[in-house]
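In what follows, a single structure is set out as structure tokens and then discussed.
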Amino acid sequence: MRLVSANSTQTRRGPEDWFTGTVWMDASPADAGSPDAGIFRVSFEPGARTNWHTHPEGQILYVVAGAGRAQSEGGQIVAMNTGDAVYFAPGEKHWHGAAPESFMVHVAINPAARSDGSTDWLEPVTDEEYAAKR
Ligand code: MN
């Protein structure tokens, strides 16, 4: 057994070329020493969301607080709430974020992350796309 302290990581602001709105990211300390998955806790303020993006090995989201939204390209926007899990297939274009009037915190698990990163970032989700009917 090996315990890796939360104190060994730092909260960092989500980059503006990946997100709309204010987002905070914490890499799990478990990430250190595990090449098999990237694990991140991501906190979205109301209305904040990712850009459109894909993951070459797919992604699992587990919502740990608040209320959020997610959409796969060509599909409807779905609500996701505390305790929900969402799976995205490899290469599936999508976005995820907070609901308009609620924060949302999810744990993101990115399997078998490439050495050059586990996400291919694309264009922002426009206000019109974000406000589309569910
Ligand atoms: Mn994703």
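If contacts are Cα pairs under 8 angstrom and at least 6 residues apart, what is the relative contact order of segment 6-124 in percent? Display every interim value, and only then the final one.
Values: 317 pairs, mean separation 38.4, N = 119.
Computed over segment 6-124, the figure is 32 percent.
Stretch GLN10-ALA131 to full length: gain in nm at 0.36 nm per residue minus the Cα-Cα span? Before the final figure, lay out each step's value.
Details: separation 121, 0.36 × 121 = 43.56 nm, distance 3.24 nm.
Between GLN10 and ALA131, full extension yields 40.3 nm more.
Give me the tail of P(r) for segment 6-124 as a percent: Cα-Cα pairs with distance above 16 Å. List each step's numbers first, then the result.
Details: 4123 of 7021 pairs.
When all Cα pairs of segment 6-124 are counted, 59 percent exceed 16 Å.
Top to bottom by accessible area (1.4 Å), largest first, where do TRP18, TRP24, TRP95 land? Could the numbers behind the result be given before it?
Working: TRP18 75, TRP24 105, TRP95 0 Å².
Ranking TRP18, TRP24, TRP95 by accessible area, largest first, yields TRP24, TRP18, TRP95.
LEU3 to TYR62: extension gain in nm, 0.36 nm per residue of separation minus the Cα-Cα distance? Could you put the intermediate results ahead of the total?
Numbers: separation 59, 0.36 × 59 = 21.24 nm, distance 2.21 nm.
Separation in residues times 0.36 nm, less the Cα-Cα distance, equals 19.0 nm.
The values are calculated or read from the model by the stated rules, or taken from the named source; none is laboratory data. Just so it is clear, the structure is predicted and the values come from calculations on it, not from any experiment. Surface accessibility is based on the protein's heavy atoms, side chains included, excluding ligands, DNA and RNA. Shrake-Rupley method; radii C 1.70, N 1.55, O 1.52, S 1.80 Å.
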